[in-house]
Each structure stands twice: as C-alpha cells, then as structure tokens.
1. Under 8 Å for C-alpha pairs, at least 6 residues apart: give me the relative contact order for the stretch 88-153, rounded to a whole percent.
2. Defining a contact as two alpha carbons under 8 Å apart and six or more residues distant in sequence, what relative contact order in percent does the chain show?
3. Using only Cα atoms and rounding to the nearest 10 degrees, what angle (0 to 90) does helix 112-124 make with the longest principal axis of the chain?
4. Relative to the present Cα-Cα distance, how much length would full extension add between His56 and Ser128 at 0.36 nm per residue of separation?
5. I'd like the orientation of helix 11-29 relative to the chain: the angle between its Cα long axis and the longest Cα principal axis, in ° from 0 to 90, rounded to 10.
6. Which one, Asp69, Asp137, Asp123, has the greatest fluctuation when you compute a Gaussian network model over the chain with C-alpha springs under 10 angstrom?
7. Which Rg and Dmax, in Å, describe the Cα atoms of the chain?
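Please treat every number below as a calculation from the coordinates, not as lab data. Here the structure is a predicted model, which is why all the values come from computation and not from measurement.
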Amino acid sequence: MAHTRTPLMDEMTVRRSVSRMAREITELVGGTEGLVLMGIHRRGDEIAALLRDEIHEAEGIEPALGSVDITLYRDDLGVIGPRPVEGESTLPSDGIDGRVVVIVDDVLYTGRTARAALNELMDWGRPSRVYLCVLVDRGGRELPIQPDIVGRKVEVIGNRRVEVLVPELDGRLAVEILKDPSGDS
C-alpha cells in the first residue's frame, strides 16, 4: 500500500518562499559580502542553489555555494549499518574562515541533521557567523536548534513526514506531507 500524499506547497509557493528567504538572508547578513550558502546534501543542496540564484538576481552578486554531506557525522551510524553511503562535501575555493555561512536544509525536524552539519563545518574552519535556513520547519525538535530563516512552518505529527521534491532528483518542485498507510492517525 502506497503512502497517502497531501500537497503542502506547489512549485509557485515554493518559489515565492525561496524568494522571500533570499531577501531575509541578505537582510540578516547585511548584504552578500562574505556570504557562503552551504546546502546539506542532497535536497538542501538544491534549495541552496535556488537561494543563490534568487540572491544573484536581486543583488547582482552570486554568493559562494558549497555542500555538506553529514553521513560520517550522524549520531545513528550504528543504526544505518557498517558501510554508510558517503556523498561529497565541497567548500568554496576560498574556504569558510571568517565568512558568514548559511546552512541550508529542506526540512528541519529533530535538529540532529543541523547539529551534524555544524560539527562538520567546524572541522573545516571558523566562520564569523553561522545561520540555519530551512524550507520547512515541521516541529518535533529533540535538540535545542532553531532555524533563523524558514520558508514554511507546519506541525506534522504521528505517522506523517514532510517530503521536499526538487526537479534534479524528483522531476518537480513541491512539498508534500506523506502519511504512512500502516499508521493509525
């Protein structure tokens, strides 16, 4: 039996949110100087690229872009098995030392992914400031981590999860809530 999918954001709604989030980033940072967008691999990378494009269009300057693969920084490596599939982290050519880094992710839930990304970033250098930007904050935090910039906040409970779809991986841009068919609510 398939998951029940409920649309939360269509492509236009996602694009409007990304546009607003890009403006919030430049306001929070005070422009684009020293700005680095670091997407959390995989869908966070795609959201970071959309933000970069929006900032470039609005400011005329393309901020540096990087990617964080948190696989080896997860606190559940024992659960996912002895040989986790590692992706590749990439830094901007001039690094992150002294720069303002915005960690970008698709969905914020427990806070564990953001914590792992922070741990990895600190192994690479010392940014002057780190912000957290997420397309969807679904609540349910297990760690005291809160986003600085949010596209959409929604309370998702029980046997439901939020799935962000991006064209590069899924063929379309949208956000949906999935309900596990085996759950009771």
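1. In percent, rounded to a whole number, it is 38.
2. It comes to 26 percent, rounded to a whole number.
3. 30
4. This chain segment gains 23.7 nm when fully extended.
5. The answer is roughly 40 degrees.
6. Result: Asp123 has the largest fluctuation of those listed.
7. Answer for the chain, Rg first and Dmax second: 16.4, 51 Å.
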